[in-house]
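Throughout, read-outs are computed from the coordinates displayed, never taken from laboratory work. From a predicted model like this one, the values you see are computed outputs, not experimental measurements. No Cβ is skipped: glycine too gets one built from the backbone with ideal geometry, and neighbour counts run over all protein chains shown.
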Amino acid sequence: MNANQRKMVYRVLPYAILTLIGVCFLLPLLWVLVSSIDPNAMQSLKMPARFTGANYADVIASRENQRAFLIGLVMSLGQAVLLVILGLLAAYPLSRYQMKYKKPFMLTILFMTSLPITAVMVPVYQLFLSIKLYDNTFGVILFYVASALPYGIWMLKNFMDSVPSDLEEAAWVDGASVFGGLRKIIAPLMVPGICTVAIFTFSGSWGNFFVPYILLNTPEKFPASLKLYQFFGLYGMVDYGKLAAFSVLYAMPSVILYILSQRFMSKGFGLQGGTKG
Amino acid sequence: MSGLAIEIGRGKRKNKSWIYFLFPSVAVMLVFFIYPILLTFFYSFTNLALTGESARQLKFIGVDNYIRMFEDPTVRVSIWNTLIFLVGSAVIGQQVLGFLIALLMKHKNRMFRRVIGTIVLAGWVTPEIVCALCLYSFFGDEGTLNSIFSLFGLPAVTWLYTVPMIAIILGNIWHGTAFSMLVFQAALDDVPSEMEEAAVVDGASRWQILIKIVLPFIKSTITTNMMLVTLQTLGVFGLIYAMTGGGPGTATTTLPIFMYNQAFVNYQLGYGTAISLLLLLMGIVLSLFYIRSMKE
């Protein structure tokens, strides 16, 4: 192989490898997309003989499914709203006050962000049984809020640090209270940060399966993730088309929110953001 | 006048009013997060069960759960499976593949980068149960992979029975690689191009540049990413549960699946908690390393 050929190989090889990786990643995804519009969907990816919207129509028309999506929406929205409110309140003194134990507190928070939630679910289940929150939608929301708070506080505190404090001091001159300054001056300036946190927590709980699977019992209270799993077990082998349509509909909010979040995250995706203590 | 108001405002900040701001969050975290962690330690020393005699009478049984754990061959299998799953899908899979994609994508055609990047990201954005379903159908007996095999005249393989561990590892790679890809893309963009150019002038090969310049430069990112990806993978439940249910037999029973089975299928909550403590301790050790790497 001469130098020229070698150069050619170095040029083409990365494209070839990336294309291969791309195809491998695409195939499973393509199956769910194609099957959802195939009237005779099978387990394998294949070209449909004709296209149909009936799978989607059936899934959307079902009362049970509407209910599951609505519950999922209530849970994730409830969590996101509560998390932002509590997180902003907690972030304020951490960002603005001189506090003795701020550093150890922030390190504890960071530590908690990375603990596997899976590991505490058995005791949480027991706790929920004893305080009568088991099989309760609001209980699930509360647990979601608690498990996302370390991340929320950490992020919101860092976002708040970049809002200059002169602005709220000016508002105090005009007679605003500390709380008023937070609500009317700081929070509006943090909208991109708040949206990022809200979107990430929403997607996190929307896609979560384990937490509602452990904490809920009545099928009528199941959010979309559990409904899909149930659907999978009950009719998975029979009706791949509907299953795929349900999956696409269920994945949609996560996809849309991810695209939206890209608009708020102008700074790109680095791990450096966390280093500000 | 205005100076006075600011003084008053600052005065407001100095008093104990921070308690009101922090209290709601701390209370919620204490009750629903920290208390359950403490309960994990406590329950793992009891005979807590969902049904039968011990459901009515909670008894301290000391380290019996732990003795049982060390004598239980399934525990050993689960730990082993967890380690294989962690190394295969997190350390090697997502980390190496994510880095490879980020590296190869550098300086490539913009449109091409976009297409490949979006495809990889799609697996990440998709909820885990949908991922499980996609991969289940891909590896299924009459699934896409076997269709491709038959195109080439190869016999069908029952992937989820013969090599279930490989199937769930690939599933988790499919679902998680985008995170590492994004992290490494950002890190590689920070490598000063002058450094690489200088090395090229000095006659360094691509391989030498990668080993001697790029990798040392992004070392801290590699450590941090490794910790995060491992922690995420440690808690994976839904993907495995929906794809194989931990089977066939115990072939894909990782610690989370085993914990679930003991606590909610066999109703041995105390024993299940002892297993989750094992999981928690692994998480705590990894988290401490992660924080140390962030502090540097």
Checklist line | Length added when fully stretched, A:ILE259-A:ILE85, from 0.36 nm per residue minus Cα-Cα | finding: 60.3 nm
Notebook entry, point to check: With springs only between Cα atoms under 10 Å, which of A:PRO223, A:PRO48, A:PRO253 fluctuates most in a Gaussian network model of chain A?
Noted result: A:PRO48
Next item on the list: Mind listing the long-range amide H neighbours of B:GLY247? Cut-off is under 5 Å, sequence gap 5 or more, other chains count too, H placed in the peptide plane at 1.01 Å from N.
Entry: B:THR252
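Note down the Stokes-Einstein diffusion coefficient of chain A in µm²/s, whole number, using a Kirkwood radius over alpha carbon pairs, 4 °C, and 1.567 mPa s. Could you put the intermediate results ahead of the total?
Numbers: Rh = 22.1 Å.
It comes out at roughly 59 µm²/s.
With a cut-off of 8 Å between alpha carbons and a minimum separation of six or more residues, what is the relative contact order of chain A in percent? Walk me through the intermediate numbers first.
Numbers: 266 pairs, mean separation 83.7, N = 277.
The value is 30 percent.
Among all helices in chain A defined by DSSP H, which have a length of 27 Å or more along the axis from Cα atoms plus a Kyte-Doolittle mean of at least -0.5?
On the way: long enough: A:3-35 (48 Å, 1.29); A:63-96 (49 Å, 1.01); A:137-161 (34 Å, 1.05); A:240-264 (36 Å, 1.01).
Sorted by number, the helices that extend far enough and score high enough are A:3-35, A:63-96, A:137-161, A:240-264.
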Next item on the list: Give, as ranges by residue number, the residues of segment A:28-72 whose backbone N falls under 14 Å from the point 7 Å along Cα→Cβ of B:SER147.
Entry: A:28-50
Next item on the list: Just need the relative contact order of chain B here, percent rounded to a whole number, with Cα pairs under 8 Å and 6+ apart.
Entry: 28 percent
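Using Cβ counts within 10 Å as a stand-in for footprinting exposure, how do B:PHE138, A:PHE25 rank, fewest first?
Numbers: B:PHE138 28, A:PHE25 24.
Taking fewest neighbouring Cβ atoms as first place, the list is A:PHE25, B:PHE138.
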Item checked: Of the chymotrypsin sites (Phe, Trp or Tyr not before Pro) in segment A:88-192, those whose Cβ has at most 15 other Cβ within 10 Å and which sit in DSSP loop -> A:TYR101
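If R₀ is 35 angstrom, what is the calculated FRET efficiency for the pair B:ARG292 and A:ALA16, using the beta carbon separation as r and rounding to 0.05?
0.30
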Checklist line | Helix-only mean residue ellipticity at 222 nm for chain B, each DSSP H run of n ≥ 4 adding -39500 (n - 2.57), per residue, nearest 500 | finding: -20500 deg cm²/dmol
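At a temperature of 37 °C and a viscosity of 0.692 mPa s, determine how fast segment B:75-265 diffuses translationally according to Stokes-Einstein, using the Kirkwood radius over alpha-carbon pairs as Rh; express D in µm²/s, rounded to the nearest whole number.
Values: Rh = 18.3 Å.
The calculation lands on 179 µm²/s.
If you rank B:LEU286, B:LEU277, A:LEU30 by fewest surrounding Cβ atoms within 10 Å, what's the result? All intermediate terms of the calculation are to be shown ahead of the outcome.
Working: B:LEU286 20, B:LEU277 25, A:LEU30 16.
Sorted ascending by nearby Cβ count, the order is A:LEU30, B:LEU286, B:LEU277.
For a Förster distance of 30 Å, can you work out the FRET efficiency between the beta-carbons of A:LYS100 and A:LEU189, rounded to the nearest 0.05? All intermediate terms of the calculation are to be shown ahead of the outcome.
Values: r = 28 Å, r/R0 = 0.93.
The computed FRET efficiency comes out at 0.60.
What are the membrane-span-like helices in chain B by this rule: whole DSSP H runs, Cα extent along the axis at least 20 Å, mean Kyte-Doolittle hydropathy at least 0.5? Kindly include the intermediate steps, with their values, before the conclusion.
Values: long enough: B:110-125 (21 Å, 1.00); B:164-189 (37 Å, 1.22); B:219-234 (22 Å, 0.54); B:269-295 (37 Å, 1.53).
Taking the DSSP H segments of chain B (at least 20 Å long, mean hydropathy at least 0.5), we get B:110-125, B:164-189, B:219-234, B:269-295.
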Notebook entry, point to check: Across the protein assembly as shown, how large is the tail of the calculated P(r) beyond 43 Å, expressed as a percent of all Cα pairs?
Noted result: 25 percent
Notebook entry, point to check: Mind listing which trypsin sites (Lys or Arg not before Pro) in segment A:44-77 are in a DSSP loop and have 11 or fewer other Cβ atoms within 10 Å?
Noted result: A:ARG50
Check: GNM on chain A, C-alpha springs below 10 Å: top fluctuator among A:ALA170, A:ALA224, A:ALA80?
Finding: A:ALA170
Check: Given the convex hull of the Cα atoms of segment B:200-262, what is a quarter of its surface area in nm²?
Finding: 6.4 nm²
Checklist line | Taking segment A:1-155 and dividing mean pair separation by its residue count, relative contact order in percent (alpha carbons under 8 Å, at least six apart) | finding: 21 percent
Next item on the list: Provide A:THR218, B:THR40, A:THR201 in ascending order of the number of other Cβ atoms located within 10 Å of each residue's Cβ, fewest first.
Entry: A:THR218, B:THR40, A:THR201
Check: In a GNM of chain A with a 10 Å cut-off on Cα contacts, which of A:SER203, A:SER165, A:SER247 has the highest mean-square fluctuation?
Finding: A:SER165
Check: Under 5 Å between amide H atoms, partner at least 5 residues away or on a different chain: which partners does B:THR46 have, H built in plane at 1.01 Å?
Finding: B:ILE61
Next item on the list: Evaluate E = 1/(1 + (r/R0)^6) for B:TYR35 and A:ARG6, where r is the Cβ-Cβ distance and R0 equals 51 Å; express this FRET efficiency to the nearest 0.05.
Entry: 0.20
